[in-house]
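Colleague: Mind looking over this structure? Questions follow.
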Amino acid sequence: MYIHPLNSWETETEVQEFIQKNAFATLYSQVDGKPWATHLPVFLEKKSNGKFILHGHLAKANPQWKHLAQAEEVLAIFQGPHAYISSSWYTHENVPTWNYLAVHVYGMARLIEGEELLHHLKSLVDQYETGRPNRVQVETMTPSYLDGQIRALVGFEIEIKEIHASAKLSQNRDDENYERIFQQLEQSSLASDQEVAEEMRKRRETK
């Protein structure tokens with residue numbers, strides 16, 4: 001994706017945390033010569049060799065899985081909070097714009113099955129069930145039921161080769177206009193606006 005130099009986001013730990021927090025990704029690849037996208041949860045994991053991978057699963061009825069292992073490269077997109085920025089908030093004439101955080105992950109995919117797929121499912125369920133009442137665990141599911149569910153899935157791993165991360169958060173504005181934008185978003189009733197305001201505040205305070 002195009003990233004303006006001011007918006008380039010290169011703090012590795014922050015990007016990793018962003019992926020983990022916004023783990024419902026959009027997976028893009030080619031299916032029969034056409035772009036294909038699937039919306040699905042993925043899990044970021046650091047392997048023993050130090051490399052980071054994303055692992056997830058697709059319904060076997062989804063034809064995308066048949067093309068993943070043959071793809072030269074796949075793309076997983078992670079979208080964070082975003083907010084409309086009205087030009088009426090500025091002290092000068094300008095056009096409206098949009099603030100947002102997004103991460104694009106490129107890599108090679110391979111299909112997984114058996115114990116690897118089971119490990120993925122356990123990791124995914126444990127992540128989202130932790131702290132919930134009546135916590136669900138893959139280990140407590142009846143073997144026959146679990147086996148039937150696994151048969152309907154195809155797992156995959158993506159070894160991360162490249163990450164493009166953009167945090168477009170009014171970095172090009174002077175302090176006065178930056179503060180005006182921040183205040184408008186902070187006072188908004190929209191949760192996404194407030195999240196963008198918090199990201200803006202963190203970045204201005206660290207400078």
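What follows is calculated from the coordinates using simple rules that are stated; it is not laboratory data. As the structure is a computational prediction, the values presented were derived from the model and not from experiment. Using ideal geometry, Cβ is built from the backbone for each residue, glycine included, and neighbour counts are taken over all protein chains shown.
Colleague: Which of the residues that make up segment 85-115 are among the hydroxyl-bearing types (Ser, Thr, Tyr) and touching a Pro at 6+ places or on another chain (Cβ under 7 Å)?
Modeller: Passing the criteria: SER86, SER87.
Colleague: I want to confirm something. Restricting to segment 136-150 and keeping residues that are among the polar types (S, T, N, Q) and not in a helix (DSSP H, G or I), which single residue is surrounded by the fewest Cβ atoms within 10 Å (Cβ to Cβ)?
Modeller: THR142
Conditions tested, residue by residue: (1) under 19 Å from HIS120 (Cα atoms); (2) in contact with a helix residue (DSSP H, G or I) (Cβ under 7 Å, 6 or more places away or on another chain); (3) not in a helix (DSSP H, G or I).
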| site | (1), (2), (3) |
| --- | --- |
| PHE18 | no, no, no |
| ALA25 | yes, no, yes |
| TYR28 | no, no, yes |
| HIS39 | yes, no, yes |
| GLY50 | yes, no, yes |
| HIS67 | no, no, no |
| GLN79 | no, no, yes |
| TYR84 | no, no, yes |
| THR91 | no, yes, yes |
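Colleague: While we're here: Within segment 48-81, take every residue that is of a type in the set (D, E, K, R) and under 19 Å from the mean Cα position of the chain (by Cα) and give me the one that is surrounded by the fewest Cβ atoms within 10 Å (Cβ to Cβ).
Modeller: For segment 48-81, the residue satisfying everything is LYS51.
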